[in-house]
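Notes follow once the structure below has been shown.
Bear in mind that the values in this text are calculations on the coordinates, not laboratory data. This is a predicted model, so every value here is computed, not measured. Positions of Cβ are generated from backbone atoms using ideal geometry, with glycine treated the same way; all protein chains shown enter the neighbour counts.
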Amino acid sequence: MEYVEDQIITKLPECLSDVEFTEVTFNNIDFKESYVTSCLFIDCKFENCNLSNSKFPGCTFRDTSFKGSRLSGINWTDASNLVSFNFDDCQINYSVFLGMNLDNFKCTNSQAKGCDFSECSLKNADFSKTDLSETSFHHANCEKASFSDAKQYYIDPSVTKLKDAIFSYPEALSLLNSFSIKIDNLS
């Protein structure tokens, strides 16, 4: 395995297989539709990168952050391990996280349209100020998750664990949609 440590990388690396990247910052790189296999990303930062429609089979992301980046259309279930990774000011639209353990997950100030978080453990997750339209949380555990100032979400409380989760008004009223309740005189 090749090792790359403590660098700022500004162009697409030649080798995207069996590389351990530790404390590496990827800056303004277009990874779009890349096939990255069996790589380790430890304490890495992706800033203003495009990783849309890329594949990461067998990859590990540990203590990795994405800022101002595009990551749409990624099936994160292909990765072997996701531990403490977060998105800020990113687009992760139409990404799949089905059944993953994502406790303490952070996706803030972002767009997460059409994502699938079904059957995920999202305890203590933070979706603050994120657009969650068409995103599924079916049978997810969102206990103590924050949806502060998040918008366009549809979460069915009868099939999603929401104990001690945080929501903001007026979006929190959407939690009643699954019960076919009509609310009158909200002024």
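Taken along the Cα-to-beta-carbon direction at a fixed 7 Å, the label points for Met1 and Asp89 span 3.2 nm.
A simple charge model with +1 on the Cβ of Lys and Arg, -1 on the Cβ of Asp and Glu and nothing else charged puts the dipole of the chain at about 580 debye relative to its Cα centre. For the residues Lys144, Lys11, Lys55, a GNM of the chain with alpha-carbon springs under 10 Å puts the largest fluctuation on Lys11. Summary value for the chain: 11 percent relative contact order, contacts being C-alpha pairs under 8 angstrom separated by 6+ residues.
For region 114-157, the alpha carbon convex hull comes to 60 Å³ per residue, rounded to a whole number.
For the pair Cys15 and His138 in one chain, pulling the backbone fully straight at 0.36 nm per residue adds 40.5 nm over the alpha carbon distance. Rounded to whole Å, the principal axis extents of the Cα atoms in region 21-127 read 30, 25, 22, largest first.
Would you list, by chain and number, the lysines whose Cα falls below 22 Å from the Cα of Lys182, excluding same-chain residues fewer than 8 positions away? Partners within reach: Lys151.
Work out the FRET efficiency for Lys67 and Ile181 from their Cβ-Cβ distance, taking R0 = 30 Å, and round it to the nearest 0.05. Efficiency computed from Cβ-Cβ geometry: 0.15. Legend: Rg and Dmax of region 1-41, from Cα coordinates, 9.7, 25 Å. Kirkwood hydrodynamic radius of region 34-77, from the reciprocal of the average inverse Cα-Cα distance over all distinct pairs: 10.7 Å.
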